[in-house]
2 protein chains.
Amino acid sequence: MTGGRPAPTGSAAGLREQKKQRTRAALLRTALEFFTTKGYEETTVDEIAEAVEVSQRTFFRYFANKEKAAFAVQEMMEHHFVEALRARPAEEGPFDALRNSVLGTWDTIGEALTEVVPVDVYLRMLQVIESSPTLLAAHLRRSFEMEEYIARLIADREGLDVEADPRPRVAVASFGGVMRVTGQLWVQGKDASLDALRSLTVSYLDHLTPALATNWRETAPSEAHRSAGGANRA
Amino acid sequence: MTGGRPAPTGSAAGLREQKKQRTRAALLRTALEFFTTKGYEETTVDEIAEAVEVSQRTFFRYFANKEKAAFAVQEMMEHHFVEALRARPAEEGPFDALRNSVLGTWDTIGEALTEVVPVDVYLRMLQVIESSPTLLAAHLRRSFEMEEYIARLIADREGLDVEADPRPRVAVASFGGVMRVTGQLWVQGKDASLDALRSLTVSYLDHLTPALATNWRETAPSEAHRSAGGANRA
DNA sequence: TTGTCAATTGTCAGTCGCTGTCACTAGCCT
DNA sequence: AGGCTAGTGACAGCGACTGACAATTGACAA
């Protein structure tokens, strides 16, 4: 990409690229700002574009659709989560790995997106998502797709075949289901803090973990249930 | 509003009502026909309206949006399922009740909608739903809302408080998750028959049932896991 | 039968999300 | 310097959906 020419601005390569990043960041910041204050449906793409002093067409050049802007941060977090899951020690049971990855992601949430948007905007955006029918639907579909991906990850680390053994998918589906329930309850509750979300998750997860097998390597598929335990608290 | 009108609901009340029913049925039939042959996104509301010889505006007077038409039959099935669940004997464990209600609903699927659309249109519509991003998202949101409702039903029949005890929601979420996974796999598979869907469900459900408690009345919330068994096969 | 009321519907205009096209400007490269 | 091309704005257009208003038509009473 970069030729032999001295970069006038120093850090990033190309002035063009910088401008692009700035435009994208501005669009995203403005969009989330509007979404979290006026509401998603109440915000038009035209408004966002106008606020950033860009044509509507340009907005759609950066975000395939309005939704994409709403989930941009969420997307980062998911990527973060997947990396955390990949980094989990192989000895850890699938459920503990999932659990620890989520909690770990939330514990480092700040560092992960400080440059993009303030944490409280992210949290408020979560609430917007849960309360807008359109966004909720999109969120669930995204989760669904994510679950398929994660199921394959889990199957890999356990050395199983996703198509042959139902347990990875079943486990991830259960896990995802619980995560969604907690998200919903968090929004409905009065405490909209990160701590509240975190402890709600821990609490609900604790009710599912003991009900599903901890170590698949020592049990046959048909009797995959044991005494639980082994979830290392944060 | 309405004074002493004749039979408001019943079967044959007023010529006006008949016409309305006929229009609605025609719109629905045509819509599903188009959706299942041309695809959802590829079908225009204008097309549907034109085929029924009605203005586009009228379509939207019968169906709040395009989606509503796509899920009209699904809505009936859900109603059917809920009734089945309500009718389940109180002694039955929550999971068995859910399982038997689903299977029961599918076994009587024919009688439930013969008058509306042929069964194969319903099945093809399921495939359309799973394969259209828009419809999949809507489907998942509907399922999510349904789960909340069912969780309350389950809590009631077990004499629990949904807000206090996480188990109803967790169980229903898990159950729903498995149902969705099977739906997805069914669409991806080659056998698009009702039998295939049914047996896939049975198979996957059997992997979850033994992993979750069967009888909550005999176990404390914190140790809700036992030896499984007790799922009465169909 | 006829007139009145109210429900249904069609027509029209307009909003909003989103896409294709095309010309134009401004970084980038040689 | 001059050509190339990425990025953008302006414009037109499609499809889902809504509000408003007028025309139609079934329901009911005089």
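Every read-out reported here was derived from the displayed coordinates using simple, explicitly stated rules and does not represent laboratory data. None of these values were measured; they are calculated from a predicted model. Positions of Cβ are generated from backbone atoms using ideal geometry, with glycine treated the same way; all protein chains shown enter the neighbour counts.
Data table
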| read-out | value |
| --- | --- |
| Set of aspartates and glutamates near B:Lys68 by C-alpha distance (under 12 Å), chain-local residues within fewer than 8 positions excluded | none |
| Inter-copy separations for B:Gly159, label at 7 Å along Cα-Cβ, nm, ascending | 4.8 |
| Dipole of the range A:67-223, positive direction: furthest Cα of A:Val172, A:Asn100, A:Val121, with charges on the beta-carbon | A:Val121 |
| Furthest towards positive pole of dipole, B:Gln21, B:Ala31, B:Val45, structure part the range B:12-63, Cβ charges | B:Gln21 |
| Coordinate range along principal axes, alpha carbons of the range B:12-63, Å, largest first | 37, 19, 16 |
| Charge context of A:Ala26, other residues only, Cβ under 14 angstrom, K/R +1, D/E -1 | +1 |
| Extension gain (nm, one decimal) between B:Asp107 and B:Glu91, 0.36 nm per residue minus Cα-Cα | 3.5 nm |
| Sparse-neighbour loop sites [GluC sites (Glu not before Pro); the range B:134-176; at most 14 other C-beta within 10 Å; DSSP] | B:Glu163 |
| Nearest-first distances (nm) between copies at A:Glu111, label 7 Å from Cα via Cβ | 6.3 |
| 5 angstrom amide H check on A:Arg88, placed H, neighbours 5+ away | none |
| The range B:139-198-the range B:76-131 distance, computed between alpha-carbon centres (Å) | 12 Å |
| Evaluated at q = 0.15, 0.16, 0.17 Å⁻¹: base-10 log I(q)/I(0), Debye formula over Cα of the range A:67-223 | -0.82, -0.93, -1.04 |
| Derived scalar couplings ³J(HN,Hα) [the range A:76-87; Karplus, 6.51 cos²θ - 1.76 cosθ + 1.60; whole Hz; x for Gly, Pro] | 4, 4, 5, 4, 4, 4, 4, 4, 4, 5, 4, 7 |
